[in-house]
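Single-structure report; data block below.
Quick note: the coordinates plus some simple rules give every number you see, no bench work behind them. Computed from a prediction, not measured in an experiment: that's the story for all the values here. So basically every Cβ, Gly included, is an ideal-geometry build from the backbone, and we count neighbours across all protein chains shown.
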Amino acid sequence: MSTMLLPGRAHTVAPGAGRVVDLGITRMRVLAAGDETTGRAFTLAEFAGAEGPWTVPHLHERMDESFFVLDGGFTFTVGDEEIPAGPGSYVLVPRGTRHLLAAGAAGGRCLVLMVPGGQEDMFFELGELGADSLRDPAVRAAIAARYDSVPV
């Protein structure tokens with residue numbers, strides 16, 4: 001359940017708490033939903049999951065997306081560049097840039113900052129459509145217009 005951030009009050013999420021959605025290969029835990037930030041300024045979520053690509057190649061026309069690796073190893077494909085990233089690594093994907101994220105052999109965990117917020121709603125909808133809908137280009141294409149996540 002989301003609430004608007006009130007002046008003078010902190011928004012907190014205890015360890016293991018927060019709204020969670022199982023997306024098959026990965027799981028998302030929302031730390032700050034877009035509607036909990038002033039003017040839907042951002043969304044912050046933790047993703048944790050198994051080895052392999054977590055999504056399809058896609059881009060966002062109105063959103064910048066940042067990744068901070070907490071555990072494991074990842075390969076980020078941003079445009080034509082492959083970027084290996086381990087714990088403590090940060091990757092910023094500017095809007096309009098094709099990208100893909102794949103976890104290494106041990107899987108991984110990362111924080112994802114989406115600016116502006118609201119993208120978490122797409123993940124909740126995908127979670128209702130089946131365990132691997134995140135990586136299904138046809139499913140992604142069907143809802144892309146509503147969520148600024150265009151498979152390419």
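Can you tell me the 0 to 90 degree angle between the C-alpha axis of helix 137-147 and the longest principal axis of the chain, rounded to 10?
Once rounded, the angle reads 30 degrees.
Gaussian network model of the chain, Cα springs within a sub-10 Å range: biggest mean-square fluctuation belongs to which of Pro57, Pro94, Pro15?
Pro15
Which ³J(HN,Hα) values in Hz, rounded to whole numbers, follow from the phi angles of segment 69-86 under the Karplus curve 6.51 cos²θ - 1.76 cosθ + 1.60, where θ = phi - 60° and Gly and Pro get x?
Rounded to whole hertz, the list is 7, 9, 9, x, x, 9, 10, 9, 9, 10, x, 9, 8, 9, 10, x, 9, x.
Once you place label points 7 Å from the Cα toward the Cβ at Ile143 and Arg19, how far apart are they in nm?
Label-label distance for Ile143 and Arg19, simple model: 1.2 nm.
With r as the distance between the Cβ atoms of Thr12 and Asp136 and R0 = 35 Å, compute the FRET efficiency 1/(1 + (r/R0)^6) and round to 0.05. List each step's numbers first, then the result.
Details: r = 35 Å, r/R0 = 0.99.
The calculated FRET efficiency here is 0.50.
Once phi is turned into ³J(HN,Hα) by the Karplus curve 6.51 cos²θ - 1.76 cosθ + 1.60 with θ = phi - 60°, what whole-Hz value does each residue of segment 26-41 show in order, with x for glycine and proline?
9, 10, 10, 10, 7, 9, 9, 7, x, 6, 9, 10, 4, x, 6, 4
With the Cα gyration tensor of segment 26-152 in hand, give its eigenvalues times 5 under a square root as the equivalent ellipsoid semi-axes, listed largest first in whole angstrom.
Working: eigenvalues 79, 56, 45 Å².
Listed largest to smallest, the semi-axes of segment 26-152 are 20, 17, 15 Å.
Where in segment 7-45 does the label zone of Leu92 land, with the point 7 angstrom along Cα→C-beta and an amide N cut-off under 18 Å?
Counting backbone N atoms under 18 Å from the label point, the list is 41-45.
Stretched out fully, how many nm does the piece from Arg62 to Asp121 gain, at 0.36 nm a residue minus the Cα gap? If you can, show how the numbers build up before the last one.
Numbers: separation 59, 0.36 × 59 = 21.24 nm, distance 1.53 nm.
Going from the current span to full extension adds 19.7 nm.
Give the relative contact order (percent, whole number) for the chain; include only Cα pairs under 8 Å separated by 6+ residues.
Numbers: 371 pairs, mean separation 43.2, N = 152.
It comes to 28 percent, rounded to a whole number.
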